[in-house]
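Quick notes on the structure that follows.
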Amino acid sequence: MTTVDLTQSSVRELNQALHDLPKDATGEWTVNGTKGEHAVACGIDAPLDVTINGHAGYYAAGMNQQANVVINGNVGVGVAENMMSGRVHVKGNASQAAGATAHGGLLVIDGDAAARCGISMKGANIVVKGSIGHMSCFMGQAGCLVVCGDAGDALGDSMYEVHIYVKGTVKSLGADVVEKEMRAEHIEELGNLLSEAGVDDDPANFKRYGSARNLYNFHIDDAKL
(Lines give C-alpha, C1' and ligand atoms only; values in the text may rest on other atoms or scores of the structure.)
Protein backbone atom coordinates (compact mmCIF):
# COMPACT_ATOMS: atom_id res chain seq x y z
CA MET A 1 0.00 0.00 0.00
CA THR A 2 1.18 3.51 -0.87
CA THR A 3 0.13 6.36 1.41
CA VAL A 4 0.31 10.03 0.43
CA ASP A 5 -0.24 12.87 2.91
CA LEU A 6 -1.31 16.06 1.16
CA THR A 7 -0.18 18.12 4.14
CA GLN A 8 3.35 17.03 3.19
CA SER A 9 3.04 16.53 -0.60
CA SER A 10 1.29 18.55 -3.32
CA VAL A 11 -1.57 17.42 -5.52
CA ARG A 12 0.73 17.84 -8.50
CA GLU A 13 3.22 15.40 -6.94
CA LEU A 14 0.46 12.90 -6.17
CA ASN A 15 -0.99 13.03 -9.68
CA GLN A 16 2.42 12.80 -11.33
CA ALA A 17 3.25 9.69 -9.29
CA LEU A 18 -0.04 8.11 -10.40
CA HIS A 19 0.55 9.08 -14.04
CA ASP A 20 4.04 7.59 -14.01
CA LEU A 21 2.69 4.12 -13.27
CA PRO A 22 2.32 1.61 -16.13
CA LYS A 23 -1.22 1.03 -17.40
CA ASP A 24 -1.29 -2.49 -15.94
CA ALA A 25 -0.09 -1.41 -12.48
CA THR A 26 -2.11 -2.65 -9.53
CA GLY A 27 -2.07 -1.81 -5.84
CA GLU A 28 -3.71 0.27 -3.16
CA TRP A 29 -3.15 3.97 -2.67
CA THR A 30 -4.42 6.01 0.29
CA VAL A 31 -4.54 9.80 0.18
CA ASN A 32 -4.81 11.58 3.53
CA GLY A 33 -4.85 15.22 4.56
CA THR A 34 -7.15 16.57 1.87
CA LYS A 35 -8.58 20.02 2.56
CA GLY A 36 -10.69 20.62 -0.51
CA GLU A 37 -7.82 20.65 -3.00
CA HIS A 38 -8.83 20.56 -6.66
CA ALA A 39 -8.05 17.82 -9.21
CA VAL A 40 -7.12 15.19 -6.64
CA ALA A 41 -6.35 11.82 -8.30
CA CYS A 42 -7.08 13.12 -11.80
CA GLY A 43 -6.09 11.29 -14.97
CA ILE A 44 -5.42 7.85 -13.50
CA ASP A 45 -5.00 5.15 -16.15
CA ALA A 46 -4.29 1.93 -14.23
CA PRO A 47 -6.43 -0.61 -12.32
CA LEU A 48 -5.58 0.84 -8.90
CA ASP A 49 -7.64 1.08 -5.73
CA VAL A 50 -7.40 4.67 -4.50
CA THR A 51 -8.98 5.89 -1.27
CA ILE A 52 -9.18 9.63 -0.58
CA ASN A 53 -9.86 10.41 3.09
CA GLY A 54 -11.42 13.85 3.28
CA HIS A 55 -13.24 16.41 1.18
CA ALA A 56 -12.07 17.18 -2.36
CA GLY A 57 -12.58 20.24 -4.55
CA TYR A 58 -13.18 20.58 -8.28
CA TYR A 59 -12.71 17.69 -10.72
CA ALA A 60 -11.79 14.98 -8.21
CA ALA A 61 -11.00 11.72 -10.03
CA GLY A 62 -11.56 13.45 -13.35
CA MET A 63 -10.67 11.62 -16.56
CA ASN A 64 -10.47 8.34 -14.63
CA GLN A 65 -9.61 5.17 -16.51
CA GLN A 66 -9.58 1.70 -14.94
CA ALA A 67 -9.17 2.82 -11.32
CA ASN A 68 -11.53 2.27 -8.40
CA VAL A 69 -11.59 5.58 -6.50
CA VAL A 70 -13.38 6.01 -3.16
CA ILE A 71 -13.77 9.51 -1.69
CA ASN A 72 -14.64 9.58 2.00
CA GLY A 73 -16.08 13.07 1.98
CA ASN A 74 -17.86 15.64 -0.14
CA VAL A 75 -16.68 16.80 -3.56
CA GLY A 76 -16.84 20.01 -5.56
CA VAL A 77 -17.77 20.67 -9.17
CA GLY A 78 -17.18 18.00 -11.82
CA VAL A 79 -16.31 14.86 -9.89
CA ALA A 80 -15.42 12.07 -12.36
CA GLU A 81 -15.69 14.55 -15.23
CA ASN A 82 -14.88 12.87 -18.55
CA MET A 83 -14.42 9.48 -16.87
CA MET A 84 -13.70 6.75 -19.40
CA SER A 85 -13.86 3.58 -17.29
CA GLY A 86 -13.47 2.33 -13.73
CA ARG A 87 -15.52 3.36 -10.71
CA VAL A 88 -15.73 6.49 -8.57
CA HIS A 89 -17.62 6.31 -5.28
CA VAL A 90 -18.37 9.50 -3.34
CA LYS A 91 -19.37 8.75 0.25
CA GLY A 92 -20.78 12.27 0.74
CA ASN A 93 -22.47 14.91 -1.40
CA ALA A 94 -21.41 16.21 -4.81
CA SER A 95 -21.58 19.73 -6.22
CA GLN A 96 -22.58 20.63 -9.77
CA ALA A 97 -21.83 18.71 -12.97
CA ALA A 98 -21.03 15.37 -11.35
CA GLY A 99 -20.03 12.92 -14.07
CA ALA A 100 -20.14 15.58 -16.78
CA THR A 101 -19.30 14.25 -20.27
CA ALA A 102 -18.32 10.86 -18.80
CA HIS A 103 -17.90 8.20 -21.50
CA GLY A 104 -17.84 5.04 -19.35
CA GLY A 105 -17.48 3.57 -15.90
CA LEU A 106 -19.72 3.91 -12.84
CA LEU A 107 -20.13 6.97 -10.59
CA VAL A 108 -21.88 6.36 -7.25
CA ILE A 109 -22.85 9.25 -4.97
CA ASP A 110 -24.14 8.29 -1.54
CA GLY A 111 -25.60 11.73 -0.79
CA ASP A 112 -27.12 14.41 -3.02
CA ALA A 113 -25.80 15.84 -6.28
CA ALA A 114 -26.35 19.47 -7.23
CA ALA A 115 -27.39 20.95 -10.57
CA ARG A 116 -26.41 19.50 -13.95
CA CYS A 117 -25.55 16.03 -12.70
CA GLY A 118 -24.61 13.94 -15.72
CA ILE A 119 -24.64 16.88 -18.14
CA SER A 120 -23.72 15.67 -21.65
CA MET A 121 -22.91 12.19 -20.34
CA LYS A 122 -21.77 9.92 -23.14
CA GLY A 123 -21.98 6.34 -21.89
CA ALA A 124 -21.22 6.26 -18.17
CA ASN A 125 -23.64 5.07 -15.50
CA ILE A 126 -24.42 7.35 -12.55
CA VAL A 127 -26.25 6.25 -9.40
CA VAL A 128 -27.24 8.96 -6.90
CA LYS A 129 -28.64 7.62 -3.65
CA GLY A 130 -30.03 11.04 -2.71
CA SER A 131 -31.56 13.77 -4.86
CA ILE A 132 -30.27 15.81 -7.82
CA GLY A 133 -30.59 19.45 -8.83
CA HIS A 134 -31.94 21.24 -11.88
CA MET A 135 -30.91 20.65 -15.50
CA SER A 136 -29.47 17.24 -14.72
CA CYS A 137 -28.61 15.09 -17.75
CA PHE A 138 -28.92 18.12 -20.05
CA MET A 139 -28.02 16.87 -23.54
CA GLY A 140 -27.23 13.43 -22.11
CA GLN A 141 -26.28 11.14 -24.97
CA ALA A 142 -25.80 7.60 -23.63
CA GLY A 143 -25.64 5.65 -20.39
CA CYS A 144 -27.93 5.58 -17.36
CA LEU A 145 -28.75 8.09 -14.63
CA VAL A 146 -30.36 6.55 -11.54
CA VAL A 147 -31.81 8.80 -8.83
CA CYS A 148 -33.07 7.24 -5.61
CA GLY A 149 -34.42 10.57 -4.34
CA ASP A 150 -36.00 13.51 -6.15
CA ALA A 151 -35.00 15.43 -9.29
CA GLY A 152 -35.08 19.19 -9.83
CA ASP A 153 -36.37 21.30 -12.71
CA ALA A 154 -35.80 20.53 -16.41
CA LEU A 155 -34.66 16.94 -15.97
CA GLY A 156 -33.01 15.61 -19.13
CA ASP A 157 -33.52 18.78 -21.15
CA SER A 158 -32.67 18.16 -24.85
CA MET A 159 -31.35 14.70 -24.05
CA TYR A 160 -30.62 11.96 -26.56
CA GLU A 161 -30.67 8.30 -25.49
CA VAL A 162 -29.77 8.19 -21.79
CA HIS A 163 -32.03 6.01 -19.63
CA ILE A 164 -33.14 8.07 -16.61
CA TYR A 165 -34.64 6.27 -13.62
CA VAL A 166 -36.09 8.27 -10.69
CA LYS A 167 -37.69 6.87 -7.57
CA GLY A 168 -38.93 10.16 -6.10
CA THR A 169 -40.67 13.16 -7.58
CA VAL A 170 -39.52 15.15 -10.59
CA LYS A 171 -40.08 18.90 -10.28
CA SER A 172 -40.33 19.29 -14.05
CA LEU A 173 -39.19 17.59 -17.23
CA GLY A 174 -36.93 19.34 -19.73
CA ALA A 175 -37.62 19.94 -23.40
CA ASP A 176 -38.54 16.78 -25.33
CA VAL A 177 -38.52 14.51 -22.24
CA VAL A 178 -41.39 12.15 -21.45
CA GLU A 179 -42.12 9.37 -19.01
CA LYS A 180 -41.64 5.98 -20.65
CA GLU A 181 -42.75 2.43 -20.03
CA MET A 182 -40.65 0.29 -17.69
CA ARG A 183 -40.27 -2.91 -19.69
CA ALA A 184 -38.58 -6.09 -18.55
CA GLU A 185 -35.22 -5.10 -19.98
CA HIS A 186 -35.32 -1.82 -18.07
CA ILE A 187 -36.20 -3.58 -14.81
CA GLU A 188 -33.20 -5.84 -15.36
CA GLU A 189 -30.87 -2.97 -16.27
CA LEU A 190 -31.91 -0.90 -13.26
CA GLY A 191 -31.72 -3.88 -10.93
CA ASN A 192 -28.14 -4.57 -11.99
CA LEU A 193 -27.13 -0.93 -11.47
CA LEU A 194 -28.74 -0.74 -8.03
CA SER A 195 -26.99 -3.93 -7.02
CA GLU A 196 -23.63 -2.72 -8.31
CA ALA A 197 -24.05 0.54 -6.39
CA GLY A 198 -25.02 -1.26 -3.18
CA VAL A 199 -28.62 -0.04 -3.15
CA ASP A 200 -31.21 -2.44 -1.76
CA ASP A 201 -34.34 -1.27 -3.55
CA ASP A 202 -36.98 -2.63 -5.90
CA PRO A 203 -36.62 -1.40 -9.49
CA ALA A 204 -40.41 -1.44 -9.73
CA ASN A 205 -40.45 1.62 -7.43
CA PHE A 206 -38.78 3.76 -10.11
CA LYS A 207 -40.11 5.57 -13.16
CA ARG A 208 -38.22 5.81 -16.45
CA TYR A 209 -37.80 8.98 -18.48
CA GLY A 210 -36.37 9.44 -21.94
CA SER A 211 -36.36 11.46 -25.11
CA ALA A 212 -39.55 11.88 -27.13
CA ARG A 213 -37.21 12.31 -30.13
CA ASN A 214 -39.09 15.33 -31.41
CA LEU A 215 -35.91 17.41 -31.49
CA TYR A 216 -34.01 14.94 -33.64
CA ASN A 217 -35.20 16.56 -36.87
CA PHE A 218 -35.55 20.15 -37.99
CA HIS A 219 -39.07 21.31 -38.85
CA ILE A 220 -39.37 24.55 -40.79
CA ASP A 221 -42.63 25.36 -39.02
CA ASP A 222 -40.69 25.64 -35.75
CA ALA A 223 -38.35 28.31 -37.13
CA LYS A 224 -39.10 31.89 -36.11
CA LEU A 225 -38.36 33.65 -39.39
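In this structure, does Val88 turn out to be assigned to a strand (DSSP E or B), hydrophobic (A, V, I, L, M, F, W, C) and surrounded by fewer than 23 Cβ atoms within 10 Å (Cβ to Cβ)? Against the criterion (assigned to a strand (DSSP E or B), hydrophobic (A, V, I, L, M, F, W, C) and surrounded by fewer than 23 Cβ atoms within 10 Å (Cβ to Cβ)), Val88 does not qualify. Within region 108-144, the residues that satisfy the criterion of being in contact (Cβ under 8 Å) with a residue 40 or more places away in the chain and of a type in the set (A, V, I, L, M, F, W, C) are Val108, Met121, Ala124, Val127, Cys144.
Can we say Ser120 is crowded, with 16+ Cβ neighbours inside 10 Å, modelled with pLDDT of 95 or more, farther than 21 Å from Asn93 by Cβ and among the polar types (S, T, N, Q)? Taking the combined requirement at face value, the residue satisfies it. Scanning region 4-21 for residues that are in contact (Cβ under 8 Å) with a residue 12 or more places away in the chain and within 26 Å of the chain's Cα centre (by Cα) turns up Val4, Leu6, Val11, Leu14, Asn15, Ala17, Leu18, His19, Leu21. When each of Leu14, Leu21 is tested for being surrounded by fewer than 21 Cβ atoms within 10 Å (Cβ to Cβ) and aliphatic (A, V, I, L, M), the lone residue that passes is Leu21. Being buried (at least 20 other Cβ atoms within 10 Å of the Cβ), in a strand (DSSP E or B) and among the hydrophobic types (A, V, I, L, M, F, W, C), is that true of even one residue in region 31-39? Among the residues of region 31-39, at least one is buried (at least 20 other Cβ atoms within 10 Å of the Cβ), in a strand (DSSP E or B) and among the hydrophobic types (A, V, I, L, M, F, W, C), which makes the answer yes. Selection of region 68-81 for residues being in a loop (DSSP other than H, G, I, E, B), free of Cβ contacts under 8 Å to residues at least 24 places away in the same chain and crowded, with 20+ Cβ neighbours inside 10 Å yields Gly78, Glu81. Being closer than 18 Å to Ala100 by Cβ and either part of a loop (DSSP other than H, G, I, E, B) or of a type outside the set (Asp, Glu) (or both) is a property that Met182 lacks. For region 149-159, state whether one or more residues are in contact (Cβ under 8 Å) with a residue 24 or more places away in the chain and acidic (Asp, Glu). No, every residue in region 149-159 fails to be in contact (Cβ under 8 Å) with a residue 24 or more places away in the chain and acidic (Asp, Glu). Picking from Met139, Met159, Met135, which residue would you name as being crowded, with 24+ Cβ neighbours inside 10 Å and outside the structural domain of Val69 (by TED's automatic domain parsing)? Being crowded, with 24+ Cβ neighbours inside 10 Å and outside the structural domain of Val69 (by TED's automatic domain parsing) holds for just one of Met139, Met159, Met135, which is Met159.
The values are calculated or read from the model by the stated rules, or taken from the named source; none is laboratory data. Keep in mind that what you see is a predicted model, and the values were worked out from it rather than measured. Note: ideal-geometry Cβ built from the backbone for every residue, glycine included; neighbour counts use all protein chains shown.
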